[in-house]
Each structure stands twice: as C-alpha cells, then as structure tokens.
1. Can you run down the residue pairs with Cβ atoms below 8 Å, 6 or more apart or on separate chains, where the first is in segment 5-19 and surrounded by 13 or more Cβ atoms within 10 Å (Cβ to Cβ) and at pLDDT 85 or above and the partner is charged (D, E, K, R) and not in a helix (DSSP H, G or I)?
2. Of the conditions (1) surrounded by 10 or more Cβ atoms within 10 Å (Cβ to Cβ); (2) out of contact with any Ser or Thr (no Cβ under 6 Å at 6 or more places or on another chain); (3) at pLDDT 80 or above; (4) closer than 29 Å to Ile19 by Cα, Cys61 clears all except one; give me its number.
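The values are calculated or read from the model by the stated rules, or taken from the named source; none is laboratory data. Quantities reported herein were computed from a predicted structural model and do not represent experimental measurements. No Cβ is skipped: glycine too gets one built from the backbone with ideal geometry, and neighbour counts run over all protein chains shown.
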Amino acid sequence: MAGGWARDGAVSEQIEASISDELARLKARRAPVGESLLECAECEEPIPEARRLALPGVKLCIDCVRERDGQQQMRGGINRRGSKDSQLK
C-alpha cells in the first residue's frame with residue numbers, strides 16, 4: 001500500500017532499507033577484527049585472558065568499554081519516515 005505518488009511496495013522497501021542499514025551499523029560496531037591486544041588501547045591496563053578468549057579481536061578493557069558506552073554518540077542517517085515529528089528532532 002503506497003500513497004500519493006509512490007509506487008506500490010515503496011513503503012516496505014524503505015522499512016527494509018532502514019533495518020538493513022541499522023543491522024550493518026550494529027555488526028560493524030560489535031565485530032572486533034584481528035588479534036586481541038594484551039593491554040587496553042586507551043588506558044594501557046592489562047586485558048584479562050578470559051575477555052580476550054571470549055571476544056577475539058578485543059582492543060579495550062571492560063572499564064573503557066563501559067565508559068565509552070556511557071557516552072551518547074551522535075550518528076547520522078537518512079530520515080526515511082518523512083513524518084513531521086521525525087523531522088523536528
């Protein structure tokens with residue numbers, strides 16, 4: 001069901017594209033690459049062996065990850081909703 005000048009299926013395509021973009025962003029953020037470091041890349045404290053084995057490619061210690069996750073990160077994207085409320089953010 002499309003409205004206005006949009007072709008049939010356009011709304012579904014927009015929803016699918018939004019979901020795909022978000023999944024790709026999350027996978028890129030959560031997928032460490034390479035070998036785990038022995039020391040944290042930020043604070044240089046040793047990374048516990050259990051953490052290195054559980055998350056191959058880990059670069060940060062738990063404290064630095066918690067600190068980084070606590071900070072609000074701005075992210076860009078395309079507003080596909082098109083509603084007036086979503087454009088006011």
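1. Note: pairs meeting the criteria are Gln14/Arg80; Ser18/Arg80.
2. (4)
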